[in-house]
Amino acid sequence: MRAKHLFACFVLTVVLLLATVTPALAEFTDVGESPYKKAINNLAAWEIVGGYADGSFKPDDTLKRAQFAKMAVLTMEYAVSEADTSTFLDTPAVDPANPLYPGAYAAVAAANNIVKGYESGNFGFWDNLTRQQLITVTVRAAGDVLAPPPDGYQGQLNYSDPTHGANIKRAEYNGLLDGIANLATWDTTQEATRGETAELLHALFTMTLRLVGPGGTERLSIADVMGMESSEGFGGYRNSLGNVTGPLRFKGVSLADLMALVGGGNTVTFHASDGYRRTFNAAETAGTVAQLDPVSGEELKDRDPLTLILAYQVGDAALAYGDGPLRTALVSAAADQVTASKLWIKQIVKIVVE
């Protein structure tokens, strides 16, 4: 299966694009009441965004188009050099201390059709980024990961803008805007905030799965994952307090099939969107783990190994938002066992096979 040409590894330091920053913080002092708290903190855990020296993030502040052009180029991993000369009429003089910013980044962004200039010939380097511009850049970066909306689709937003309307519709249909507060009254012509930018990046970040292994790297959309041969069964988990969830019926893709895409291996490290990671040894990867009675919690002896899958569905529904689109699940044909909760990792965005 070929890797989708999505914006490449999100684990790039775009900190400088969103602020003059300190190293990423687990919690910022001013995002507690923000509807984008989860997105901001998760991206910070991956060092994708950062805050200010005083510990704040300033989620309601705006972004400049120059900053976002650099972010788009870096996230797409386009090569940038001093040979990339901006021809926009309002290009600032080259700063010898930072010769690539902002002109070279704007030139590369425009050359790759990510961020364009205005009909006047200007780029608008220091103009604030609008919400509809943010949406369009994100949709362009996502490429064919986002499905086209069906004929007649109408969400909550206005799609009449000749430049951005189709991208707004595509973004809304694919769920990129699901986390936007008060979406029905969200005016896409207004300036985008840092919090809203984090929300869109986080939404797209969790809509894909990156596989890294001895044979190379694959980046799959959720649709790609769901298009693979499915595996399902019953499983659940018991936490350290003795609380049990399940057994429930989970559906997903076997880890063995995913590992095969990148050359196979013995151990697997799962990375979650909140920065959490856990390595499974060869036995755990093969499903040889302690199986527990759901009622008594006692270990069940002489059991066949379970199947470790990357689940995208529980029962007949997609996973809940808090679980992310993908999570680990250990399942069997019979609904008669649970396993330790530490083996059930939520919000999977990356798998490293070794």
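The values are calculated or read from the model by the stated rules, or taken from the named source; none is laboratory data. Quick caveat, the model's predicted, so the values are computed rather than measured. Cβ sites come from the backbone with ideal geometry, for glycine too, and all protein chains shown count toward neighbours. For the accessible areas, the whole protein counts, side chains as well, though only heavy atoms, and no ligand, DNA or RNA atoms are used. Shrake-Rupley method; radii C 1.70, N 1.55, O 1.52, S 1.80 Å.
A full extension of the chain between K342 and A282 corresponds to an added length of 20.0 nm, given 0.36 nm per residue minus the alpha carbon distance.
Placing R0 at 30 angstrom, the Cβ-Cβ distance between T163 and A79 gives a FRET efficiency of 0.60 after rounding to 0.05.
Bridgeable lysines around K37 (alpha carbons under 24 Å apart, same-chain partners fewer than 8 residues away excluded): K58, K64, K70, K346, K350.
Ligands, DNA and RNA left out, the 1.4 Å accessible surface of the chain is 50% carbon and sulfur atoms. If a/c stays under 1.5 just call it rounded; otherwise compare a/b with b/c (prolate if a/b is bigger, oblate if not). Do that for segment 46-139, with a ≥ b ≥ c from the square roots of the Cα gyration tensor eigenvalues. It is prolate, given that a/c is not under 1.5 and a/b is the larger ratio. What does the C-alpha gyration tensor say about the overall shape of segment 121-205? Classify as rounded when a/c is under 1.5, otherwise prolate if a/b is larger than b/c, or oblate. Taking the square roots of the gyration eigenvalues as a ≥ b ≥ c, segment 121-205 is rounded. Scattering from the C-alpha atoms of segment 228-354 alone, worked out with Debye: what is log10 I(q)/I(0) at q = 0.10, 0.20 1/Å? Taken in order of the listed q values, log10 I(q)/I(0) reads -0.27, -1.18. For K38, the solvent-accessible surface with a 1.4 Å probe is about 70 Å², rounded to the nearest 10. Spacing of the modelled spin labels on A320 and D54, each 7 Å from Cα toward Cβ, amounts to 3.7 nm. Once all protein chains are placed together, D293 keeps about 50 Å² accessible to a 1.4 angstrom probe. Between K301 and T269, the modelled label-to-label distance comes to 3.8 nm, taking each label 7 Å out from Cα in the direction of the beta carbon. Overall, the anisotropy analysis places the chain in the prolate class: the square-rooted eigenvalues a ≥ b ≥ c of its C-alpha gyration tensor yield a/c not less than 1.5, with a/b exceeding b/c. Per-residue SASA remark: T189, around 80 Å² accessible (1.4 Å probe; ligands, DNA and RNA not included).
Pairs of alpha-carbon atoms within less than 8 angstrom and 6+ residues apart define the contacts here; what relative contact order does segment 150-207 have, in percent? Don't jump to the answer; show the numbers that get you there.
Working: 31 pairs, mean separation 17.8, N = 58.
With pairs under 8 Å counted, the relative contact order is 31 percent.
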